[in-house]
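Structure record follows, encoded as structure tokens.
Any read-out appearing in this document is the output of simple, stated calculations on the displayed coordinates, not a laboratory observation. Since this is a predicted model, take the numbers as computed values, not measurements. Reconstructed Cβ throughout: ideal geometry from the backbone, glycine too, with neighbour counts over all protein chains shown.
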Amino acid sequence: MEEMFMNVENDQSFQWTSSTNKTGNGRFYRAAVLCLGLLSVFLLVGLINLGVHYNSERGAAAELSTVKANMTELLQDRKKELSSLTEEKNQLKTSLSSLTREKDRLDASLSSLTAERDQLKTSLSSLTRVKDRLDASLSSLTEERDQLKTSLSSLTREKDQLDASLSSLTEERDQLKTSLSSLTREKDQLDASLSSLTAERDQLKTSLSSLTREKDQLDASLSSLTAERDQLKTSLSSLTREKDQLDASLSSLTAERDQLKTSLSSLTREKNQLDASLSSLTAERDQLKTSLSSLTREKNQLDARLIEMTKDRDRLESLTRKSCPAGWTIFSWSCYLLSSRSDSWTIGRRDCQNKGADLLVINSAEEQKFLSGFSRVDTWIGLSDRNEEGNWRWIDGTPLSLTYWNKGEPNDAAAGGEDCAEMVANTGHRWNDLNCVTSLQWICEKSASQL
Ligand SMILES: [Ca+2]
Ligand SMILES: [Ca+2]
Ligand SMILES: [Ca+2]
């Protein structure tokens, strides 16, 4: 390809050189013709001038006219030559311009072809490289193909062997399948037999165990019956002996019974008499019991009345004899004192105790009513639940049966609890539980003393 391209280039350069040579020769010819024409004209003019000058000097006009005529002919010939040369020149100019255009076209073709050649060269080199790589690949592929061919042949051999093995194995498998199906059928039959036998065995086992139990029971019964029979035999012999003795006794007893029968009839009579006496005595006793109970009731009533009357007498006596210390107020059988100062429940109680008294204990509705008029301030009373929260007790142990709690009390509402009771003056002296360290006045109570 490269060679071909070079030939094309050489042909082009040859053509160009030949066309250039043609153009240079044309120019040269045209210039030579022009110079020769001009030289002929100058010579002709010079000869004319010389002829004129000679004729004028010598006056040989005849010769001159001859020369002139010859020169004129020569000049006309030269003019004809010149016109033919001019035509030729014009033709040459036309050829030159066409050749110039052709050259430009060829120049353009040359440059495009050069560019094409360069591209082709580049392509060629890359293709050459690709070709080398492909050659290398081809050789390796060829080797590989040869190896694969070898492998293929060995694999083909192996495959044939395997095919043979497969067919024999398939036959074997079919035989085994047949055997398996027959064995499966046999196994199913055996399974069915086994299950029926198992069921039968279980039933037999159950029967055996029940029979064993029955046998054990029968054994036990037999042994007990044997023992019983032996005892009965023994008893029978002893009873036989006893019966003989009893028979002897019976005769003696029969005699005795007859005597006793006689005694019994007499005793029965006696007993009937005694029964009659007993019933009359029982009736008498019941009447006495009734009388006793009514008398006991009467006695109890009389006792109670006696106690009441004794109490009345004692009260009347003490009323006439008892009094309170100065400053204390007497009501019923007690003396009361309102403290002049205020303090906690504990200190109030201690103050009362120092005075031979204690904090107030309200025993009756009359006492509560009396106290309502006794003070016009809130006061501690001798009631607290300090020992057990919610279990309110009077300080002398009197059970709390009568209460005058204000509505909603006791409520133990304070932060530290409310374990001591007060009478609140503006609630009609009803009670409230209050924190024991609150400062209040208090009321002391003690029994009125004998005079
Ligand atoms: Ca009291
Ligand atoms: Ca409390
Ligand atoms: Ca309260």
Item to complete: Pop out the ³J(HN,Hα) list for the range 231-246 in order, Karplus 6.51 cos²θ - 1.76 cosθ + 1.60 with θ = phi - 60°, rounded to Hz; leave Gly and Pro as x.
Response: 4, 4, 4, 4, 4, 4, 5, 5, 5, 4, 4, 4, 4, 4, 4, 5
Worksheet item: For the chain, what does -39500 (n - 2.57) per DSSP helix run (n ≥ 4), summed and divided by total residues, give at 222 nm, in deg cm²/dmol to the nearest 500?
Response: -28500 deg cm²/dmol
Worksheet item: List the lysines whose alpha-carbon lies under 27 Å from that of Lys177, not counting same-chain residues fewer than 8 positions away?
Response: Lys159, Lys187
Worksheet entry | DSSP loop trypsin sites (Lys or Arg not before Pro) with at most 16 other Cβ within 10 Å: longest gap in the chain | 1-340
Worksheet, complete the sentence: When the charge dipole of the chain is computed with +1 at the Cβ of Lys and Arg and -1 at the Cβ of Asp and Glu, the Cα pointing farthest to the positive end, of Cys444, Ser238, Ser111, is that of Ser111
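If you average the sequence gap of Cα pairs under 8 Å that are 6 or more apart and divide by the length of the chain, what percent do you get for the contact order? Write out the running numbers ahead of the final one.
Details: 264 pairs, mean separation 51.6, N = 451.
Across the chain, relative contact order equals 11 percent.
For the range 66-180, what D do you get in µm² per second when you plug the Kirkwood radius from alpha-carbon pairs into Stokes-Einstein at 37 °C and 0.692 mPa s? Kindly include the intermediate steps, with their values, before the conclusion.
On the way: Rh = 24.5 Å.
Rounded, D is 134 µm²/s.
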Response to the item:
Diffusion coefficient in µm²/s returned for the chain by Stokes-Einstein, Kirkwood Rh over C-alpha pairs, 10 °C and 1.306 mPa s, is 34 µm²/s
Worksheet item: What lysines could a cross-link reach from Lys80, if we take a straight Cα to Cα line under 21 Å and drop same-chain neighbours fewer than 8 places away?
Response: Lys68, Lys89, Lys93
Response to the item:
Straight-line reach check, Lys289, cutoff 21 Å on alpha carbons, 8 or more apart in-chain or any other chain, hits among lysines -> Lys299
Discussion item. What number results when the radius of gyration of the range 131-178, computed over Cα atoms, is divided by 2.2 N^0.38 Å?
Written reply: 2.08
Worksheet item: For the chain, which cysteines have no disulfide-compatible partner, meaning no other cysteine Cβ under 4.7 Å?
Response: Cys35
Worksheet item: What distance in nm separates the simple spin-label points at Gln119 and Leu99, each placed 7 Å from Cα in the Cβ direction?
Response: 3.3 nm
Discussion item. I'd like to compare 361-368, 431-438, 134-141, 323-330: which one has the highest average count of other Cβ atoms within 10 Å, and what's the full order after that?
Written reply: 431-438, 361-368, 323-330, 134-141
Discussion item. Given N residues in the range 325-450, what is its alpha carbon radius of gyration divided by 2.2 N^0.38 Å?
Written reply: 0.98
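To make sure I understand, if each residue's beta carbon is the centre and we count other beta carbons within 10 Å, what order do Glu81, Glu389 fall in, fewest to most?
Details: Glu81 14, Glu389 10.
The fewest-first ordering by Cβ neighbours comes to Glu389, Glu81.
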Item to complete: Taking the chain as the reference, fit the longest principal axis to its C-alpha atoms, fit the long axis of helix 2-58 to the helix C-alpha atoms, and give the angle between the two in degrees, 0 to 90, nearest 10.
Response: 30 degrees
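Would you list Asp286, Asp385 from fewest to most Cβ contacts within 10 Å? Before the final figure, lay out the partial values.
On the way: Asp286 10, Asp385 19.
By the 10 Å Cβ count, ascending: Asp286, Asp385.
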